[in-house]
Amino acid sequence: MSIKNKIICLALLIFSQSFNKVNAWSEGGHRVIALLAYETLSPYQRTSLTELLRHHPRFHEDFELHMPLKIDQSSELEQQRWIFTQAAIWPDLARTFQEPAYALYHRSRWHHINLPVFLNEASAHDLRTKIKTNQQMEWREGSDPTWNNAAQSIDMAIKNLHSSSIADAQKALMLCWLIHLVGDIHQPLHCVSLFSSHQFPNLQYGDMGGNEIPIAGKNPLRPQTLHSIWDGLLGYDSSMNDLRARASRFLQDETQRSEISKYLAISSIPQWIEEGRQLAATYAYSSDVREKLTGMKADSIMPVSLSENYLRQAGAIARLRACVAGQRLAKILSERELRL
């Protein structure tokens, strides 16, 4: 591929992404989680998975044409590592597609599950039995996947990858979604929505996982939400050197290493999501955030300021969740029954 074509491709990607709402970990965040998983796998498993990804129906457009020139000219092992991390962001890349590819591949509902969190006891009393979100945790074969939430889509992806009757192209798609969604559900605000009688009364969406809570910032030209703040906690740089440095730094944190081990014995995806719900309820929607929201109205939610202590604590939680997500993803991908 020529340098000119790669530059054009990159420019189009940046242009299209600038007009898409942030709805997941940053690109750097998803890639670092994928890298944490990749480095845990055996050489055979790494090769098997990246060879499967080469069957992706858009491998040329979304992998080969996006590969940085430095990676393209490096070893096969470096190319495999990059392909695996590219798979982690492919479901977000699908947001930028033009029709008909957009309709064929983009699945906005798959990125989250809206377990309810309530602003206060009064809202819980008023709304608990009225919430209309999809809280199912399993996918049933033959059901329409369009309406899946994140838990159902992970379950579907795993079942597809275990099947001997699914074509490699479909398995490659499901592998991308699996890598991406295991990352997504370890971002606490992908597991919940906040509901309240006066501020967020929509019984299906609530605050959309923090997307409807504006955050006070120094740059009015770059408005942020509570969701986008959490999305960015793992960093935005997606160069391979930076990703490897961050992954190494995360794993060298002694406090985190002892914490990670506590989570690895938990293999139930509903339990992973419940962990996210509890973290969101306690930390993302902290008592300070809830207090500031109290008294506001649905049509006049004002920007909320976050303290330095809040951001430090959120950063530590995000780094721990990234490490746990990477280890859990590696465990799923290394299962013997996986038919690659």
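Nothing in this text is a laboratory measurement; each read-out follows from the coordinates by a stated rule. All values derive from a computational prediction rather than experimental measurement. Methodologically, a virtual Cβ is constructed for each residue, glycine included, from the backbone with ideal geometry; neighbour enumeration extends over all protein chains shown.
Which whole-number percent gives the relative contact order of the chain, counting Cα pairs below 8 Å spaced six or more residues apart?
26 percent
For Phe118, what residues show an amide H to amide H distance below 5 Å, using hydrogens built from the backbone and excluding near sequence neighbours?
Phe195
Say R0 is 30 Å: what FRET efficiency, to the nearest 0.05, do Glu335 and Gln135 get from their beta-carbon distance?
Efficiency for this residue pair is about 0.70.
Classify segment 283-333 as rounded, prolate or oblate from the Cα gyration tensor: take a ≥ b ≥ c as the square roots of its eigenvalues, call it rounded if a/c is under 1.5, otherwise prolate when a/b beats b/c and oblate if not.
Prolate, because a/c is 1.5 or more and a/b exceeds b/c.
Can you bin segment 210-316 into rounded, prolate or oblate? Criterion: square roots of the alpha carbon gyration tensor eigenvalues sorted a ≥ b ≥ c, rounded for a/c under 1.5, prolate for a/b above b/c, oblate for the rest.
It comes out oblate by the Cα gyration axes.
Can you list residues whose amide H is under 5 Å from Val192's amide H, if they're 5+ apart or on another chain and H is modeled 1.01 Å from N?
Ile113, Leu115
What does the charge dipole of segment 3-333 about its Cα centre add up to, to the nearest 20 debye, if the Cβ of each Lys and Arg holds +1 and the Cβ of each Asp and Glu holds -1?
160 debye
Filter the chain for me: DSSP H helices, axial length by Cα at least 20 angstrom, mean Kyte-Doolittle hydropathy not below 0.0. List them by residue number.
3-17, 168-184, 308-333
How big is the charge dipole of segment 197-278 about its Cα centre, in debye rounded to the nearest 20, if each Lys and Arg gets +1 on its Cβ and each Asp and Glu gets -1 on its Cβ?
Value, rounded to 20: 200 debye.
Dipole of segment 131-279, Cα-centred, from +1 at each Lys and Arg C-beta and -1 at each Asp and Glu C-beta, to the nearest 20 debye?
200 debye
Pull out a ≥ b ≥ c, the square roots of the eigenvalues of the alpha-carbon gyration tensor of segment 35-169, then state rounded if a/c is under 1.5, prolate if not and a/b is larger than b/c, and oblate in the remaining case.
It is prolate, given that a/c is not under 1.5 and a/b is the larger ratio.
Per DSSP H run of n ≥ 4, the term is -39500 (n - 2.57); total these for the chain, divide by its residue number, and report the mean residue ellipticity at 222 nm rounded to 500 deg cm²/dmol.
-16000 deg cm²/dmol
Express the Stokes-Einstein translational diffusion coefficient of the chain in µm² s⁻¹, to the nearest whole number, given a Kirkwood radius over alpha-carbon pairs, 4 °C and a viscosity of 1.567 mPa s.
Diffusion coefficient, whole number: 63 µm²/s.
Gain in length, Thr146 to Ile266, computed as 0.36 nm per residue apart minus the alpha-carbon separation, to one decimal in nm?
40.4 nm
Taking the Cβ of Leu293 as the centre, find all other residues whose Cβ is under 15 Å away and add up their charges (Lys, Arg: +1; Asp, Glu: -1).
Every neighbour counted, the sum reads -3.
From the phi of every residue in segment 127-138, what ³J(HN,Hα) in whole Hz does the Karplus formula 6.51 cos²θ - 1.76 cosθ + 1.60 yield, where θ is phi - 60° and glycine or proline is x?
Once rounded to whole Hz, the list reads 10, 3, 8, 10, 4, 10, 6, 7, 10, 5, 10, 10.
Dipole of the chain (Lys/Arg Cβ +1, Asp/Glu Cβ -1, origin at the Cα centre): which of Thr225, His190, Ser48 lies farthest to the positive side?
Of Thr225, His190, Ser48, it is Thr225.
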